[in-house]
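Below is one structure, written out as structure tokens, with a few remarks after it.
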Amino acid sequence: MTSSDTANELGEPSRLQRVLRLVDRAQQRFTPIGFIVGVIKKYGDDRGGQLVAQLAFSGFLSFFPLMLVVVTVTAFLAERYPGLAAQIRSSAIAEFPVVGAELTSNEHALRGSGVGLAVGFVLLLWGGFGFTQALQDAFVEVWHVPHKHRPSFIDRMKRGVLIIGLLIFEVLASVVLGLVGTLITNSRLAGALGLLGGSLVTLSIYLTVFWLLSPRDTSIIELLPGVLLASIGWQALQTIGIRLISKQLRRSSELYGTIGAALGLVGFLYLTSQFLIYSLEVAVQTSSVVSHNGCTPTYATPR
């Protein structure tokens, strides 16, 4: 008979239980550690992995129609405004995850088609609303909104339209920032201003989405830590991850490059969704610390 069996028979805690109790006391004593542990634990309790998978899948379905619409519109513009089309290719299309570099490197492959534009718009609305519904499901799940108090179908569709509008605004803002960058002769200054402008646009979009989908009694200050984490994660994936993936794809053959691009896009969307859910968990934990004395609210009223 081992010492652990003897301890269990005597009602004493086992060695593993003693270690877990020491860890629990340490995280309760040190607030930053306790905050991180709380975020990770709540991520698991909220089925964070399932929410991430739903967001990544719906984002994958809505990405290709968006790419089709932007590419088709750019091809139409190239016939009358070649300079503007070139700027869109170097700004908005180049920002497409993983496949942006491939699209901009083959300009002659971009052709305008009215049928393609119509099909792209229909699929974009279908996939876009699917993504917005998955995003709203994630927010109400993490904020523990009861089913009977969750937004109605009409309210969800209205918020979906607003979120799609924000995504369109981000594309247009990237084009405007690219046009402004062409007016600056100093390349380093233009790059720095472009990065700063893009970061501010991303921050404002995340802040708007968090505020729109969070409970009405949540202040912007409480949401700010999660918004900052989501914005930093997006910028990191854009500037570091995409370059690494594109560098590897250039060394691959056409077949393996296509498969790698698809897998890279799925990975990018999954990591982005995971950053978003963890950022939302941080916002919920911050709200619990600021407004509920460290206790996660069991009831939250949507806006």
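Side notes on the structure shown:
- Gained length - F64 relative to I33, 0.36 nm times residue gap less alpha-carbon distance: 7.1 nm
- Of the peptides 184-192, 38-46, 274-282, the order by per-residue mean of other Cβ atoms within 10 Å, starting with the highest, comes out as 274-282, 38-46, 184-192.
- Put a dot 7 Å past the Cα of Q235, heading toward its Cβ, do the same for F169, and the two dots end up 1.9 nm apart.
- Take the Cα of R150, step 7 Å toward its Cβ, do the same at E79, and the gap between the two points is 4.5 nm.
- Using only side-chain charges placed at the Cβ, +1 for Lys and Arg and -1 for Asp and Glu, the dipole size of region 115-214 relative to its Cα centre rounds to 120 debye.
- Separation in nanometres of the label points that stand 7 Å from Cα toward Cβ, at R216 and I184: 4.2
Any read-out appearing in this document is the output of simple, stated calculations on the displayed coordinates, not a laboratory observation. Computed from a predicted model, the values in this text were never measured in an experiment. Please note: Cβ atoms are built from the backbone with ideal geometry, for glycine as well, and neighbour counts cover all protein chains shown.
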